[in-house]
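Trainee: Have a look at the structure that comes next, please.
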Amino acid sequence: MSVRYTLAMCTHNHADRLARTLVDLSVLRPPQQPWEVLIVDNGSRDATPELLARHAWPAAWQVRVVREEKLGLSHARNRAVADARGEYILFMDDDETLDSDWLCAYERLIDAHEPDAFGGRQIVMFEDDRPAWLRDELLGFLGELNRFERVGPLTDPDTPFYGGNFGFRRSVCEQVGGFDSMLGRKGRDNTGGEEVDFYRRLLNAGLKVWWTPEAMIYHRIQAVKLTKRYFYDLHYRMGRMEAIRKRGDASRIPPRYIFGQLLRAIAAVVAQRWEQGPDATVRKEMNVAYFYGQIHGWAFGARRGSE
């Protein structure tokens with residue numbers, strides 16, 4: 001029997017979070033067409049393999065677990081593409097709780113609009129107390145996303161779907177390629193951006209990308225991410241990878257304008273901190289980390305296409 005949808009989840013050394021995710025998956029309502037679950041264990045060295053081996057899946061589900069030893073989320077995603085049997089691949093993360101209608105919402109979108117790729121709404125769910133400095137403007141960096149309140153196309157390169165809730169027709173990889181192995185998390189390395197790069201290649205190829213707020217997931221946030229340092233590191237790595245992308249094979253000497261941006265960002269932090277205190281300046285301090293990351297990435301970052 002052919003498979004229409006592959007629900008793919010990549011995981012690495014997150015047995016504690018994965019345990020709840022697997023339990024929460026049981027509430028998922030199945031779509032009309034045949035589907036499967038594909039778990040990619042990305043070289044886990046904790047209890048993840050044992051957890052996956054003993055988990056009691058619903059009797060009617062088709063579930064496969066594969067192991068990808070090459071560390072990195074992009075490697076794991078590419079393994080999912082290679083091993084998926086479905087016409088469409090739908091990705092979720094290992095620290096998320098899906099809305100029970102998630103798969104059905106994407107099926108409605110596919111039946112109505114036949115998109116090449118698509119993304120859905122993400123809602124932050126705090127598992128610990130929310131710090132006073134964590135203002136609403138920062139929630140997007142923890143995975144909060146709601147592009148539109150209605151179903152519609154995504155056409156702007158600067159409004160991508162997020163990696164915890166998106167999918168695509170598997171055959172698009174033959175046209176635009178897979179996920180860039182330079183991007184995406186690698187163990188404790190917080191570098192991301194593999195899904196943004198993939199999204200932009202979809203648009204550049206003229207493919208149809210759609211959005212649906214009906215396909216909702218809840219991104220569970222643990223205390224380890226609720227530190228200012230996490231946000232600074234995230235932005236530093238974003239700046240670093242953006243500089244590598246812009247620089248390409250050009251000179252490693254950073255453009256002068258980036259130094260000006262860094263100095264202006266520092267001045268903005270000083271001014272706001274003087275007026276409003278240190279809890280008000282986190283967003284501007286992230287800008288400082290971003291421009292510093294750009295300078296470092298431009299000067300010392302690897303060339304695109306290398307490991």
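Trainee: Could I have the simple spin-label model distance between Ala53 and Val3, label points 7 Å from Cα toward Cβ, reported in nm to one decimal?
Mentor: Here the modelled spin labels are 2.2 nm apart.
Trainee: Another one. Which value, in nm² and rounded to one decimal, describes the direction-averaged projected area of the C-alpha convex hull of segment 224-263?
Mentor: The number I arrive at for segment 224-263 is 3.6 nm².
Trainee: While we're on this one: Taking amide hydrogens as modeled 1.01 Å from N in the peptide plane, which residues meet the under 5 Å criterion relative to Phe126, leaving out close sequence neighbours?
Mentor: Ile221
Trainee: Still on this structure, please answer the following. Report the FRET efficiency, 1/(1 + (r/R0)^6), for Asp111 and Val270, where r is their Cβ-Cβ distance and R0 is 45 Å, rounded to 0.05.
Mentor: FRET efficiency, Asp111 to Val270: 0.25.
Trainee: Moving on. Can you compute 3J(HN,Hα) from phi for each residue in segment 119-128, using the Karplus curve 6.51 cos²θ - 1.76 cosθ + 1.60 with θ = phi - 60°, rounded to whole Hz and x for Gly and Pro?
Mentor: x, x, 6, 10, 10, 6, 10, 7, 9, 9
Trainee: In the chain, carbon and sulfur make up what percent of the accessible area (probe 1.4 Å)?
Mentor: Percent of accessible area from carbon and sulfur atoms in the chain: 52.
Trainee: Also, I was wondering about something else. Averaged per residue, what accessible surface does the chain expose to a 1.4 Å probe, in Å²? Please list the in-between numbers first.
Mentor: Values: 14290 Å² over 307 residues.
Accessible surface, normalised per residue, equals 47 Å².
Trainee: Another one. Express in % the proportion of alpha carbon pairs of segment 155-297 at distances exceeding 21 Å.
Mentor: Tail of the P(r) past 21 Å holds 56 percent of the pairs.
Trainee: OK, next. What net charge is computed for the residues neighbouring Ala271, neighbours being all others with C-beta under 13 Å from the C-beta of Ala271, Lys and Arg scored +1, Asp and Glu -1?
Mentor: +1
Trainee: Search the structure for amide H atoms under 5 Å from the amide H of Phe161, placed 1.01 Å from N in the peptide plane, and list their residues when 5 or more places away or on another chain.
Mentor: When sequence neighbours closer than 5 places are left aside, there are no close amide H contacts.
Trainee: Still on this model: What do you get for Rg/Rh of segment 1-110 when both radii come from the Cα atoms and Rh is the Kirkwood radius? Each step should come with its number before you reach the end.
Mentor: Details: Rg = 13.2 Å, Rh = 14.1 Å.
When Rh is taken as the Kirkwood radius, the ratio is 0.94.
Trainee: Setting aside same-chain residues fewer than 8 positions from Lys186, which lysines have a Cα under 17 Å from its Cα?
Mentor: Partners within reach: Lys70, Lys225.
Trainee: Give me the accessible area of Met125, 1.4 Å probe, in Å² rounded to the nearest 10.
Mentor: Number for this one is 50 Å².
Trainee: Just the accessible area for Phe168, please: 1.4 Å probe, Å², rounded to the nearest 10?
Mentor: 0
Trainee: In whole angstrom, how far apart do the alpha carbon centroids of segment 237-304 and segment 30-67 sit?
Mentor: Cα centroid to Cα centroid, the span is 40 Å.
Trainee: Multiplying the sequence separation of Asp16 and Ala299 by 0.36 nm and subtracting their Cα-Cα distance, what value in nm do you get?
Mentor: Roughly 98.0 nm would be gained on extension.
Trainee: Arg229 versus Asp279, label points 7 Å from Cα toward the beta carbon: distance in nm?
Mentor: Distance between the two pseudo-spin positions: 2.1 nm.
Trainee: Let me ask something additional. Across segment 226-231, in residue order, what do the Karplus-derived ³J(HN,Hα) couplings come to in whole Hz, using 6.51 cos²θ - 1.76 cosθ + 1.60 with θ = phi - 60° and x for Gly and Pro?
Mentor: Whole-Hz 3J(HN,Hα) from phi for segment 226-231: 8, 10, 4, 4, 4, 5.
Trainee: Between Lys208 and residues 5 or more places away or on another chain, which pairs have amide H atoms under 5 Å apart, with H built 1.01 Å from N, and which residues are they?
Mentor: Close amide H contacts, sequence-distant or interchain: Asp116, Ala117.
Trainee: Quick one: what are the phi-derived ³J(HN,Hα) couplings along segment 258-272, Karplus 6.51/-1.76/1.60 with θ = phi - 60°, whole Hz, x for glycine and proline?
Mentor: So the Karplus estimates, Gly and Pro as x, are 5, 5, x, 5, 5, 5, 5, 5, 5, 4, 5, 5, 4, 5, 6 Hz.
Trainee: Where q = 0.09, 0.13 Å⁻¹, what log10 of I(q)/I(0) comes from the Debye formula for the chain, counting one point per Cα?
Mentor: -0.47, -0.99
Trainee: Return one number: the angle in degrees, 0 to 90 and rounded to the nearest 10, between the long axis of the Cα atoms of helix 282-300 and the longest principal axis of the Cα atoms of the chain.
Mentor: 90
Trainee: Expressed as an acute angle from 0 to 90° and rounded to the nearest 10, what is the orientation of the C-alpha long axis of helix 15-25 relative to the principal long axis of the chain?
Mentor: Here the helix axis deviates by roughly 50 degrees.
The values are calculated or read from the model by the stated rules, or taken from the named source; none is laboratory data. Note that the structure is predicted; figures quoted are calculated from it, not measured. As a convention, Cβ positions derive from the backbone with ideal geometry for all residues, glycine included, and neighbour counts pool all protein chains shown. Surface accessibility is based on the protein's heavy atoms, side chains included, excluding ligands, DNA and RNA. Shrake-Rupley method; radii C 1.70, N 1.55, O 1.52, S 1.80 Å.
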